[in-house]
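J.: So that we are looking at the same thing, I have put the structure below in structure tokens.
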Amino acid sequence: MESSSAATVSAGPSPGPTPADLLHRLRARGAADPVTHVERVPARPGVPAPWPSWAPPELRAAFARRGVGAPWQHQAQAATLAYEGEHVVVATGTASGKSLAYQLPALATLLADPRATVLYLAPTKALAADQLRAVAALELEGVRPACYDGDTPRAEREWIRRHSRFVLTNPDMLHHGVLPGHAQWSGFLRRLAYVVIDECHTYRGVFGSHVAHVLRRLRRQCARFGSTPVFVLASATSGDPSTAAGRLTGLPVTAVTEDASPRGGVTFALWEPPLLPPDSGPSTPVPPQSTGDHDDLQQVRRSALRETADLLADTVAEGVRTLAFVRSRKGAEVVAANARRALDDAVPGLGDRVAAYRGGYLREERRELERALLHGDLLGLASTNALELGVDLVGLDAVLICGYPGTRASLWQQAGRAGRSGQEALAVLVARDDPLDTYLVHHPEAIFGAPVEATVLDPANPYVLAPQLACAAFEAPLTPADLALFGDGAKEAVDQLVSAGALRQRPTGWHWRHRERPEVDLRGEGGAPVCVVESSTGRLLGTVDGGSSHFLLHSGAVYLHQGVSYVVDDLDLVDGCALVHAEEPDWSTHARDITDLSVVSVRSYVDAGPVGMFLGEVDVTSQVVSYQRRRIATGEVIDTRPLDLPARELRTVAVWFTLSPQSLTLAGVQPADVPGALHAAEHAAIGLLPLMATCDRWDIGGLSTAVHQDTEAPTVFVYDGHPGGAGFAERAYGTASAWLRATRDAIAECGCESGCPSCVQSPKCGNGNNPLSKPDAIRVLDVVLANLPE
Ligand SMILES: [Zn+2]
Ligand SMILES: [Zn+2]
């Protein structure tokens with residue numbers, strides 16, 4: 001290992017090794033080559049455009065003072081569309097300057113019309129605060145930008161409502177504060193010219209469906225006050241952004257997707273850690289929230305964390321400024337600590353140039369770390385995905401991605417941190433012990449040849465629609481004309497609310513019958529949210545949705561909140577409250593549950609001889625019955641403790657397939673092996689579904705059985721883990737053959753003997769990954785694929 005001097009990295013472009021040389025040295029370390037694929041992503045020159053003629057000189061000058069000489073073509077194009085009154089979504093890469101695309105038309109309008117207002121929505125308070133600084137720095141007269149969120153002091157709120165013309169907030173505040181208080185906001189809403197929705201790809205699944213209706217409620221209030229604002233949306237690169245933005249806003253939206261900002265070339269390597277010899281014990285270390293289920297297992301790969309730590313140490317030793325993305329905070333700290341140790345062993349003191357970065361740091365601390373990395377005082381940073389939202393840390397020489405981040409969109413967002421204009425950079429995806437990661441490093445076409453995912457949301461979900469209509473009715477009686485705005489199913493949902501006694505029909509429309517407003521949490525689902533309270537201080541740390549509370553907040557659970565570890569003393573389900581105390585034990589906790597499922601109705605099906613493929617409603621009953629404590633450093637199971645929690649019901653949407661017992665026998669699956677075959681196929685199918693839809697395997701549940709009481713056949717169910725469904729099972733049904741083909745290949749191509757976390761084991765199995773049969777799972781999927789039409 002050679003040491004490097006600070007001078008070589010702190011002074012602008014580093015004359016360090018080329019990405020190809022660097023990769024060559026990294027992969028030459030072990031006996032076997034861990035690199036499964038190398039892709040060259042070519043550099044792209046920027047395409048500047050002149051300032052649009054409508055942009056006032058004053059505004060151009062303000063941007064010029066902030067270092068923006070001229071817009072890139074996509075910025076000018078989107079800005080002009082919006083200025084001309086078209087709803088527009090700009091969906092381009094990391095650091096492509098999406099904010100200029102909405103700032104330009106919005107601010108030009110504020111300057112031209114001294115009464116006009118702009119509402120800006122961000123998914124997080126931190127991003128809104130960043131945007132506030134950016135707009136305020138332009139020092140435009142009369143704009144008076146201000147953040148309006150839960151932290152805004154009461155005393156300032158009235159001033160903001162009356163005087164600010166550029167209000168930055170989030171969907172939760174719009175839902176809880178602005179819309180119910182529309183009378184106080186009437187002046188602002190009456191003059192509303194633009195609604196900006198930043199990072200709109202984060203509004204997906206059930207949360208996205210709620211936000212879609214909050215925006216419809218906003219449009220309804222604007223219409224009542226006589227305004228029709230233009231919507232400008234900014235998205236990470238995503239599939240079919242026009243459709244997704246249209247579903248979110250309920251409006252026709254034009255997409256601008258041609259990224260005209262310059263980009264340096266990237267050498268992108270896919271990296272698979274080697275399998276450890278059998279019986280060498282669990283790989284270490286494992287983070288508490290890792291998806292590695294390392295008990296009862298014969299064979300494992302070297303952990304992605306350890307591999308990433310080594311790669312980070314090696315790149316830093318070469319003087320290369322490197323950012324490592326790790327999924328959990330603990331994981332990021334483990335990677336940083338291991339890299340520091342390895343560097344200090346080689347050159348004492350060199351370890352000081354590596355740090356960990358996570359959400360939960362104060363803004364000043366984060367800025368300091370960013371500054372140190374950009375200047376080269378710091379060479380390596382291990383980070384959680386906290387960086388993904390709104391922090392401008394780009395232009396690194398290398399990016400290591402520890403584990404597939406779940407979507408190609410996030411992968412490109414993270415990889416986009418590498419490379420400055422005119423300089424080549426390296427990106428490495430290190431596969432975790434997980435079926436999806438394993439599949440991807442062996443199928444580079446699924447990363448480099450496939451478009452990024454579409455953002456999936458379903459505003460027609462009755463579990464979202466009905467409570468949102470209740471909110472709308474509280475704000476103003478619903479009229480028949482309003483129902484069209486809320487889309488399919490609105491009339492049905494209103495009828496339900498009437499028969500439940502929540503709404504009453506009068507000549508002026510449907511009225512909310514209660515004094516209090518409906519309690520609806522945009523991010524919560526499956527029951528009222530549970531409050532997390534620190535016993536010693538009475539401080540409310542946050543809330544967890546009811547659906548997750550049994551898993552995350554049972555007595556004895558280790559609960560992480562903004563980077564701090566707490567242990568739950570008591571979960572009070574009657575009061576909806578969990579009492580916790582700060583403690584950082586050296587174990588993590590993992591809840592176990594038992595699940596039962598019954599079919600309510602079939603929406604659609606494919607009859608394929610011995611195989612049937614179905615989409616429909618199901619009732620899932622599950623009960624958290626125990627939890628395991630596992631040593632963080634080794635993954636070793638300390639003990640399993642029983643829990644006494646009630647069972648819960650979930651009405652949701654599932655996709656399922658059945659096979660005839662004869663077809664299984666013919667394929668060589670012995671009757672005794674059928675449960676293990678189906679169970680293994682179920683795990684892998686859940687693991688691969690994120691390839692098809694923007695979901696996480698944690699959004700989905702599954703159940704398999706050799707005979708199900710409703711189908712009377714061997715069956716595998718995969719269901720949305722959200723009441724009413726979130727669109728994931730529907731997407732799985734629509735892409736069934738491609739989804740199950742990828743599942744089959746992932747299992748067949750895994751190098752393990754009899755199943756491992758890279759193929760058929762699941763980190764969230766309620767049965768402790770037992771029984772599982774890897775070879776029979778392949779036979780099951782072969783039967784399905786042979787019969788199912790493409
Ligand atoms: Zn395997
Ligand atoms: Zn299982």
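J.: Among the listed residues 737, 758, 754, 773, which satisfies the condition of being of a type in the set (Gly, Ala, Ser), open to solvent by 10 Å² or more (accessible area, probe 1.4 Å) and under 25 Å from residue 450 (Cα atoms)?
T.: After applying the criteria, what remains is 737.
J.: Please work out which residue is modelled with the lowest pLDDT, limiting yourself to the stretch 562-606 and to residues that are out of contact with any helix residue (DSSP H, G or I) (no Cβ under 7 Å at 6 or more places or on another chain), among the aliphatic types (A, V, I, L, M) and closer than 30 Å to residue 679 by Cα.
T.: The qualifying residue modelled with the lowest pLDDT is 594.
J.: For the stretch 15-30, which positions are in a helix (DSSP H, G or I), open to solvent by 80 Å² or more (accessible area, probe 1.4 Å) and free of Cβ contacts under 8 Å to residues at least 60 places away in the same chain?
T.: Quick first cut of the stretch 15-30, residues in a helix (DSSP H, G or I) only: 19-27.
Checking the rest, the ones that are also open to solvent by 80 Å² or more (accessible area, probe 1.4 Å) come to 24-25.
Answer for the stretch 15-30, where residues must be in a helix (DSSP H, G or I), open to solvent by 80 Å² or more (accessible area, probe 1.4 Å) and free of Cβ contacts under 8 Å to residues at least 60 places away in the same chain: just 24.
J.: Taking the conditions exactly as written (surrounded by 17 or more Cβ atoms within 10 Å (Cβ to Cβ), of a type in the set (Phe, Trp, Tyr) and either in contact with a Ser or Thr (Cβ under 9 Å, 6 or more places away or on another chain) or farther than 25 Å from residue 170 by Cα (or both)), does residue 474 satisfy them or not?
T.: So residue 474 does not fit the description; no.
J.: Another question about this same structure. Does the stretch 214-234 contain any residue that is in contact (Cβ under 8 Å) with a residue 12 or more places away in the chain, within 21 Å of residue 728 (Cβ to Cβ), not small (Gly, Ala, Ser) and not in a helix (DSSP H, G or I)?
T.: No, that holds for no residue.
J.: Same structure, new question: Quick check: anything in the stretch 740-759 away from ligand 1 (no atom under 16 Å from the Cβ) and either among the β-branched types (Val, Ile, Thr) or farther than 25 Å from residue 303 by Cβ (or both)?
T.: Yes - at least one qualifying residue is present in the stretch 740-759.
J.: Can you find a residue that is at positive phi and at pLDDT 95 or above anywhere in the stretch 69-86?
T.: Looking through the stretch 69-86, at least one residue is at positive phi and at pLDDT 95 or above.
J.: Now for a different question. With respect to residue 201, determine if the residue is assigned to a helix (DSSP H, G or I), open to solvent by 30 Å² or more (accessible area, probe 1.4 Å) and either closer than 26 Å to residue 415 by Cβ or of a type outside the set (A, V, I, L, M) (or both).
T.: Criteria met by residue 201.
J.: Being open to solvent by 10 Å² or more (accessible area, probe 1.4 Å) and within 16 Å of ligand 1 (Cβ to nearest atom) is the requirement here; does residue 682 meet it?
T.: Yes.
J.: For residue 737, state whether it is within 30 Å of residue 549 (Cβ to Cβ), modelled with pLDDT of 85 or more, more than 16 Å from ligand 1 (Cβ to nearest atom) and not aliphatic (A, V, I, L, M).
T.: No.
J.: Looking at 713, 729, 742, which is the one that is away from ligand 2 (no atom under 15 Å from the Cβ), open to solvent by less than 40 Å² (accessible area, probe 1.4 Å), of a type in the set (A, V, I, L, M, F, W, C) and part of a loop (DSSP other than H, G, I, E, B)? Before you say what the answer is, go through the steps one by one.
T.: Working: 729 fails: part of a loop (DSSP other than H, G, I, E, B); 742 fails: part of a loop (DSSP other than H, G, I, E, B).
Result: 713 is the single residue among 713, 729, 742 that is away from ligand 2 (no atom under 15 Å from the Cβ), open to solvent by less than 40 Å² (accessible area, probe 1.4 Å), of a type in the set (A, V, I, L, M, F, W, C) and part of a loop (DSSP other than H, G, I, E, B).
J.: Then there is this: Taking the condition in contact (Cβ under 8 Å) with a residue 60 or more places away in the chain and either within 16 Å of ligand 1 (Cβ to nearest atom) or more than 21 Å from residue 673 (Cα to Cα) (or both), does residue 709 pass? It would help to see each step written out before you state the result.
T.: Values: in contact (Cβ under 8 Å) with a residue 60 or more places away in the chain: yes; either within 16 Å of ligand 1 (Cβ to nearest atom) or more than 21 Å from residue 673 (Cα to Cα) (or both): no.
In short, no.
J.: Quick check on residue 724: is it open to solvent by less than 30 Å² (accessible area, probe 1.4 Å), away from ligand 2 (no atom under 16 Å from the Cβ) and touching a strand residue (DSSP E or B) at 6+ places or on another chain (Cβ under 8 Å)?
T.: Yes.
J.: Right, residue 701: away from ligand 1 (no atom under 16 Å from the Cβ) and in a loop (DSSP other than H, G, I, E, B) or not?
T.: no
J.: With the structure loaded, tell me whether residue 615 is within 30 Å of residue 126 (Cα to Cα), part of a strand (DSSP E or B), in contact (Cβ under 8 Å) with a residue 12 or more places away in the chain and not β-branched (Val, Ile, Thr) or whether it fails that test. If you could, list the steps in order and put the result at the bottom.
T.: Working: within 30 Å of residue 126 (Cα to Cα): no; part of a strand (DSSP E or B): yes; in contact (Cβ under 8 Å) with a residue 12 or more places away in the chain: yes; not β-branched (Val, Ile, Thr): yes.
Considered against the rule, which asks whether it is within 30 Å of residue 126 (Cα to Cα), part of a strand (DSSP E or B), in contact (Cβ under 8 Å) with a residue 12 or more places away in the chain and not β-branched (Val, Ile, Thr), residue 615 comes out as no.
J.: Quick one: in the stretch 517-544, of everything that is under 17 Å from residue 574 (Cβ atoms) and of a type outside the set (Gly, Ala, Ser), which residue is modelled with the highest pLDDT?
T.: That would be 533.
J.: So residue 726 ticks every box in (1) farther than 30 Å from residue 639 by Cα; (2) within 16 Å of ligand 1 (Cβ to nearest atom) but one. Which box is left unticked?
T.: All conditions pass for residue 726, except number (2).
J.: In the stretch 125-145, what residues are within 17 Å of residue 114 (Cβ to Cβ) and among the small types (Gly, Ala, Ser)?
T.: Result: 142, single match.
J.: Still on this structure, I have one more. Which one of the conditions (1) assigned to a strand (DSSP E or B); (2) open to solvent by 40 Å² or more (accessible area, probe 1.4 Å) does residue 620 fail to meet, given that it meets all the rest?
T.: (2)
J.: Hey, another quick one. Counting only residues that are in a loop (DSSP other than H, G, I, E, B), among the acidic types (Asp, Glu) and open to solvent by 20 Å² or more (accessible area, probe 1.4 Å), how many does the stretch 410-462 have?
T.: The number of residues fulfilling the criteria is 3.
J.: Could I ask something else about it? I'm trying to understand the selection: among the residues of the stretch 644-662, which are in a loop (DSSP other than H, G, I, E, B) and modelled with pLDDT under 95?
T.: 644, 645, 646, 647
J.: Let me ask something additional. Go through the residues of the stretch 655-673 one by one and say whether even a single one is touching a helix residue (DSSP H, G or I) at 6+ places or on another chain (Cβ under 6 Å), within 16 Å of ligand 2 (Cβ to nearest atom) and open to solvent by less than 30 Å² (accessible area, probe 1.4 Å).
T.: For the stretch 655-673, residues touching a helix residue (DSSP H, G or I) at 6+ places or on another chain (Cβ under 6 Å), within 16 Å of ligand 2 (Cβ to nearest atom) and open to solvent by less than 30 Å² (accessible area, probe 1.4 Å): absent.
J.: Let me ask something additional. How many of the residues in the stretch 138-157 are open to solvent by less than 30 Å² (accessible area, probe 1.4 Å) and in contact (Cβ under 8 Å) with a residue 40 or more places away in the chain?
T.: Of the residues in the stretch 138-157, 2 are open to solvent by less than 30 Å² (accessible area, probe 1.4 Å) and in contact (Cβ under 8 Å) with a residue 40 or more places away in the chain.
J.: Something else now. For the subset of the stretch 769-790 comprising residues that are in a loop (DSSP other than H, G, I, E, B) and touching a strand residue (DSSP E or B) at 6+ places or on another chain (Cβ under 7 Å), which member is nearest to ligand 2 (Cβ to nearest atom)?
T.: Here the answer is 788.
J.: So which residues in the stretch 235-256 are more than 13 Å from residue 199 (Cβ to Cβ) and part of a helix (DSSP H, G or I)?
T.: Correct list: 242, 243, 246, 247, 249.
J.: Return yes or no: is residue 765 buried (at least 16 other Cβ atoms within 10 Å of the Cβ), part of a loop (DSSP other than H, G, I, E, B) and more than 10 Å from ligand 1 (Cβ to nearest atom)?
T.: Details: buried (at least 16 other Cβ atoms within 10 Å of the Cβ): yes; part of a loop (DSSP other than H, G, I, E, B): yes; more than 10 Å from ligand 1 (Cβ to nearest atom): yes.
It is true that residue 765 is buried (at least 16 other Cβ atoms within 10 Å of the Cβ), part of a loop (DSSP other than H, G, I, E, B) and more than 10 Å from ligand 1 (Cβ to nearest atom).
The values are calculated or read from the model by the stated rules, or taken from the named source; none is laboratory data. Since the structure is predicted, the reported quantities are computational estimates derived from the model, not experimental observations. Cβ: placed from backbone, ideal geometry, glycine included. Neighbour counts: every protein chain shown. Remember, those area values only see protein heavy atoms, side chains included, never the ligands or the DNA or RNA. Shrake-Rupley method; radii C 1.70, N 1.55, O 1.52, S 1.80 Å.
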